[in-house]
Amino acid sequence: MRISFHVIRFVLSILILTSSVYSYAGRKVENFNKSWRFHLGELSEDAASPAYDDSEWRNVRLPHDWAIAGPFNPEENGYAAKLPWRGAGWYRKTFRLDQEDAGKRVYLDFDGVMAFPKIYINGQFAGEWDYGYMSFRVDATPFVNIGEENVIAVKVDTQNQGTRWYPGAGIYRKVTITICEPVHAAHWGLFITTPEVKTESASIQVKAVVENHSDADSSVSILYELFDPQGRLAVQSKQSESIVSNASSEFTQILKILNPQRWDIDDPNLYLAQVTVFDNDKVVDIETSTFGIRTFRFTADDGFHLNGRRVQLYGVNLHHDHGPLGATFYPRAMERQLEIMRDMGCNAIRTSHNPPAPELLDLCDRMGFVVWDEAFDKWDRTAGRVRGEPPLREYGERQIRNFVMRDRNHPSVVTWSIGNEIPNQPWSREGKSAERVAFMSDFVREYDPTRPVTIGCHIPSTADEHILDAVDMTGWNYARRYANYRKNYPDKPILYSESASALSTRGFYALPLPDSKTAFNQEALQVNSYDHNAARWSDLADVEFQLMEDDRFVGGEFVWTGFDYLGEPTPFSREARSSYFGIVDLCGIPKDRFFIYRSYWRPEETTIHILPHWNWPERIGQTVPVYVYTNGDSAELFLNGRSLGKRSKQKTITAPISLAFNKPATIGSGEEEGEDAPPDGNDGSRNTSWVSSRQNPVKWWRVDLGESQHVGFIDILFDQEARNYQYRIEASQNGSDWKVLAEKNDWLGSTQRMTHETNAEARYIQIVFTELNRRAQPGFWEFCVYPERVENPYYAVLDKYRLRWMDVIYEPGELKAVAYKNGQIIGESVMRTAKEPTAIRLTPDRIKLDASGEDMSYILIEALDEDGTLCPLAENKVEFEIEGPADIAGVGNGNPLSYEPFHADSRKLFFGKAMLILRTIDGETGEIRIKAKSDGLKEGEARLVSY
Ligand code: GAL
């Protein structure tokens with residue numbers, strides 16, 4: 001009896017995208033998500049007893065995140081989204097096992113439970129797990145009653161969960177039940193590798209572990225079959241062996257495939273391996289896995305190569321949450337995330353900072369992304385270890401076993417990461433040492449010797465201490481911190497595991513423009529979407545583009561982050577509840593930044609994007625800068641039909657040159673003559689800094705401009721320490737008579753860049769440090785002097801990747817950008833001033849849905865004026881009415897400050913937009929009608945169908 005590939009393939013595809021049941025040979029696999037009851041709060045272990053009365057508990061369907069419904073607690077810090085995720089909860093479900101299952105093995109597979117689940121079956125403790133992001137299996141066989149009702153209870157408790165973002169709470173990924181014969185293929189026991197891949201043939205090694213749980217020895221044979229991407233049997237072979245009672249055995253076979261069709265990001269061909277297990281000639285089990293045939297290598301000098309060619313990794317980091325859905329995992333929500341990232345030109349995903357839902361990897365295999373699969377953030381409480389227990393060696397082995405065994409057949413996975421930004425021992429007891437990095441890496445290699453082991457790093461000096469010797473390559477987060485590793489390990493590959501950490505709020509523009517990357521709008525608590533801002537430790541997209549062009553040895557960047565996520569709302573960690581880092585907002589609506597990436601990552605696709613919006617009634621007659629993000633090399637801008645000139649992207653970066661650049665500088669701590677200052681404070685590079693010693697703090701730093709000059713503008717880039725001191729800037733013609741040009745007697749917010757307009761003729765300029773708090777160390781990255789005000793030199797790079805018209809005098813009407821490439825028009829884009837909103841428009845991303853109970857449509861809600869122009873400032877509250885077989889899975893609008901619940905039937909627009917997410921109802925088909933109403937506006941409508 002053989003199941004055709006098409007059946008299997010069909011089964012696999014529905015398993016990936018919907019809930020389902022399938023059974024073949026001796027194995028039955030069922031989705032176990034339905035008909036659970038849930039109680040929020042601590043209960044005694046009695047709640048695990050079959051007799052316990054749970055009739056008052058809520059009915060829920062998994063996956064489930066109890067905290068996402070809120071309410072938000074505005075008083076809490078925003079690092080974990082201000083949602084009520086901390087606490088305990090109980091789940092119960094009654095299920096029946098048929099008489100025909102007698103003598104079989106029964107397994108429960110949990111893809112992810114946040115956190116510390118304890119599983120009870122019929123009142124008996126059946127298993128537990130600690131790390132909330134890891135998949136695990138519970139062997140239910142000893143605890144179940146055949147032919148009768150069974151009760152499973154799961155206690156979940158997040159109280160010991162440490163986190164730096166919103167973790168979610170509950171059984172937030174799917175659960176599956178597998179019932180199979182006593183002789184069966186082991187869980188995750190299939191391991192497919194491709195030891196040799198050539199154009200004409202590839203050898204495929206298939207390892208399969210078979211377990212014999214019966215009381216008798218068994219004579220087992222295995223039929224291996226490999227099917228090509230078109231579903232044709234490519235090769236088969238058979239092998240036999242006997243397995244003694246209650247033991248397992250590993251079978252290995254090497255098969256040859258002729259003219260292999262490669263898996264590649266452009267053409268993700270998937271083969272299928274099918275292993276049929278015979279026990280004394282009777283088919284008892286079939287196990288399958290897709291796999292890909294590809295070659296890849298990370299090189300030390302030329303980045304990443306896939307199938308023999310260099311591929312620049314255009315990657316993003318993705319956290320596990322899905323915005324308004326919380327941690328709840330739905331394959332369609334994930335597929336949509338990847339579709340949006342793909343449209344931008346992204347080809348690589350880093351699963352920051354934990355193992356993803358397994359479907360993410362199925363999707364990456366199918367869609368053609370490469371994956372940096374990551375096990376942990378830190379190795380302490382964020383990894384599920386409490387007060388250093390269990391010991392890392394034992395804990396790491398167990399987690400990494402599941403991590404690697406589960407994911408190792410995915411062609412998309414190209415590296416295993418053992419962690420992110422783990423501090424070093426002894427500074428942190430739970431940090432990394434050479435020994436710990438070595439054993440964690442070896443655990444990975446034990447289960448997969450074919451892929452490089454990596455780690456996400458952030459402390460450059462780690463590379464001096466041999467701590468990283470055991471990993472095959474490294475990733476580094478921000479600001480070229482990999483430079484030191486490259487020096488120390490010239491033969492090892494490097495990835496840029498986190499780049500950018502740029503910040504913006506979709507739709508929010510305020511003038512004047514931020515004049516430094518850390519100049520944040522403390523009143524609005526939103527981040528300007530002109531894309532001038534990044535976190536202190538990080539950079540704008542443009543800076544990173546330049547870096548990747550310069551450092552070709554790096555395999556590519558993973559931007560922090562593709563999507564906004566719940567928690568970590570830098571720079572407004574107190575007030576906001578979700579991040580500003582995303583290239584798209586929490587609902588997946590693109591921010592302006594999306595288009596700068598798209599224009600650069602997809603140079604062949606037309607992108608012409610104008611910003612800001614064109615509704616500035618309070619600025620008529622004043623300037624409003626206009627930026628255009630395009631893959632073209634130039635563009636002409638028109639305002640109400642008048643040309644505002646054609647701009648071209650600069651080929652080289654031309655920053656204004658400081659009068660102090662590389663001029664001799666001296667330092668001193670008193671009145672006496674100074675000594676020569678090191679060149680770092682005025683060498684034109686913000687990667688080097690001049691810092692005074694802590695023991696003997698310098699009182700002044702002085703530069704000699706060489707001759708008397710007009711000094712109109714002073715621009716200083718300090719480091720964080722500057723919070724702790726004050727200063728005075730003085731000018732002199734002769735080096736002894738000083739005139740005060742500027743003073744700073746307080747600290748003016750979070751910006752590190754301080755500028756002063758001055759008006760002096762001077763040869764010498766000095767900065768005098770006053771009032772050092774807390775033994776502060778005065779210093780700065782760059783001290784610049786100009787004859788007149790200049791734009792922050794940090795922004796000079798923008799003109800290489802964006803087109804900017806800085807002096808547009810605002811008048812309402814129409815802005816048009818016509819873009820060119822190599823002298824040819826490639827297209828145009830128009831932005832119009834909107835009138836008052838008059839109508840609501842609904843735009844579903846999908847109209848035909850599967851009645852699986854897990855399929856979804858994301859419906860974009862927008863306000864339009866009477867001419868159909870989008871209203872970029874609309875804040876109208878919109879109410880939704882749904883008729884037909886669908887529920888609201890969540891609503892949102894991308895506002896990091898909003899405390900409106902995600903589970904609701906209404907939402908305020910945020911800068912003209914909001915998102916309604918609908919989910920189908922299991923087994924219910926028919927038309928779904930959605931109405932969106934808002935006071936004074938024409939109602940919007942959409943129709944979907946579930947079938
Ligand atoms: C990194 C860290 C990320 C995130 C990011 C924000 O240092 O690895 O998890 O916190 O900073 O910029």
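The values are calculated or read from the model by the stated rules, or taken from the named source; none is laboratory data. Predicted, not measured: the structure shown is a model, and the values here were computed from it. Virtual Cβ from ideal backbone geometry, glycine too; neighbours counted across all protein chains shown. These area figures cover heavy atoms from the full protein model, side chains too; ligands, DNA and RNA do not enter into them. Shrake-Rupley method; radii C 1.70, N 1.55, O 1.52, S 1.80 Å.
Extension gain for residue 941-residue 61 works out to 314.0 nm (0.36 nm per residue, less the C-alpha to C-alpha distance).
Both radii are taken from the alpha-carbon atoms of the range 387-435; with Rh as the Kirkwood radius, Rg/Rh is 1.04.
If R0 equals 30 Å, the separation of the Cβ atoms of residue 646 and residue 686 corresponds to a calculated FRET efficiency of about 0.40. Cα axis of helix 358-367 to longest principal axis of the chain: angle in degrees, 0 to 90, nearest 10? Approximately 70 degrees, to the nearest ten.
Sorting 782, 465 by accessible area puts them as 465, 782; the probe is 1.4 Å, largest comes first, and only protein heavy atoms count. For the pair the range 795-810 and the range 569-618, the centres of their Cα atoms are 17 angstrom apart.
Which FRET efficiency value, to the nearest 0.05, is calculated for residue 217 and residue 574 with the Förster distance at 56 angstrom and r the Cβ-Cβ distance? The value I calculate is 0.25. By how many degrees, between 0 and 90 and to the nearest 10, does the Cα long axis of helix 5-17 differ from the longest principal axis of the chain? Approximately 50 degrees, to the nearest ten. Annotation: extensible slack from residue 53 through residue 461 equals 141.0 nm (criterion: 0.36 nm per residue apart, minus Cα-Cα distance).
Among the chymotrypsin sites (Phe, Trp or Tyr not before Pro) in the range 392-461, those placed in a DSSP loop whose Cβ has at most 14 other Cβ atoms within 10 Å are 427. With the Cα gyration tensor of the range 649-778 giving a ≥ b ≥ c as the square roots of its eigenvalues, does the rule (a/c under 1.5 for rounded; else a/b larger than b/c for prolate; else oblate) give rounded, prolate or oblate? Since a/c stays below 1.5, the shape of the range 649-778 is classed as rounded. Excluding same-chain neighbours fewer than eight residues apart, the lysines reachable from residue 938 by a Cα-Cα span under 20 Å are 835, 877, 908, 913.
Of the trypsin sites (Lys or Arg not before Pro) in the range 168-244, which ones lie in a loop per DSSP and count no more than 14 other C-beta atoms within 10 Å? Provide the component values of the computation, followed by the final result.
Values: sites: 173, 174, 198, 207, 232, 238; in loops: 173, 174, 198, 232.
Filter output for the range 168-244: 198, 232.
When you filter the trypsin sites (Lys or Arg not before Pro) in the range 397-480 for DSSP loop state and at most 10 other Cβ atoms inside 10 Å of their Cβ, you are left with 429. Taking the average, over residues, of other Cβ atoms within 10 Å as the packing measure, peptides 835-843, 320-328 rank 320-328, 835-843 from highest down.
Taking Cα atoms only, the orientation of helix 541-550 departs from the longest principal axis of the chain by about 80 degrees. Cα centroids of the range 690-766 and the range 257-315: 60 Å apart.
Spatial offset of the range 888-905 relative to the range 459-497 amounts to 41 Å, using the alpha carbon center of each. Between residue 238 and residue 553, the simple spin-label model (points 7 angstrom out along Cα→Cβ) gives 5.5 nm. Shape call for the range 276-340 from the C-alpha gyration tensor, a ≥ b ≥ c root eigenvalues: rounded (a/c under 1.5), prolate (a/b greater than b/c) or oblate? Since a/c reaches 1.5 but b/c is at least a/b, the shape of the range 276-340 is classed as oblate. Fully extending the segment from residue 695 to residue 266 would add 148.6 nm, taking 0.36 nm per residue of separation and subtracting the current Cα-Cα distance. With N counted as the residues of the range 732-835, its alpha-carbon radius of gyration over 2.2 N^0.38 Å works out to 1.71. Scaled to the globular estimate 2.2 N^0.38 Å, the Cα spread of the chain, given as radius of gyration, is 1.02.
The alpha-carbon of residue 155 sits under 28 angstrom from the alpha-carbons of these lysines, leaving out residues fewer than 8 places away in its chain: 28, 34, 82, 93, 104, 118, 174, 378.
A crude spin-label estimate for the pair residue 743 and residue 35, with each label 7 Å from Cα along the Cβ direction, gives 7.9 nm.
For an R0 of 41 angstrom, estimate the FRET efficiency from the Cβ-Cβ distance between residue 707 and residue 825 and round to the nearest 0.05. If you can, show how the numbers build up before the last one.
Working: r = 50 Å, r/R0 = 1.21.
It comes out at approximately 0.25.
Quick one: putting +1 on the C-beta of Lys and Arg, -1 on the C-beta of Asp and Glu, what dipole do you get for the chain around its Cα centre, in Debye to the nearest 20? Write out the running numbers ahead of the final one.
Working: 106 positive and 136 negative charges, 178 e Å.
That gives the chain a dipole magnitude of about 860 debye.
For the range 499-626, the square roots of the Cα gyration tensor eigenvalues, ordered a ≥ b ≥ c, give a/c of at least 1.5 with a/b no greater than b/c, which places it in the oblate category.
Would you please report the Å³ per residue occupied by the convex hull of the alpha carbon atoms in the range 436-535? Write down the numbers at each step before the final one.
Values: hull volume 14.1 nm³, N = 100.
Considering the Cα atoms of the range 436-535, their hull volume per residue is 141 Å³.
Placing dummy labels 7 Å off each Cα toward the beta-carbon, the span from residue 73 to residue 247 is 5.6 nm. Sorting 59-66, 254-261 by their mean Cβ neighbour count within 10 Å, with the most densely packed peptide first, gives 59-66, 254-261.
Among 854, 389, the sequence by solvent-accessible area, most first, with a 1.4 Å probe is 389, 854.
On a per residue basis, the chain carries 37 Å² of accessible surface, using protein heavy atoms and a 1.4 Å probe.
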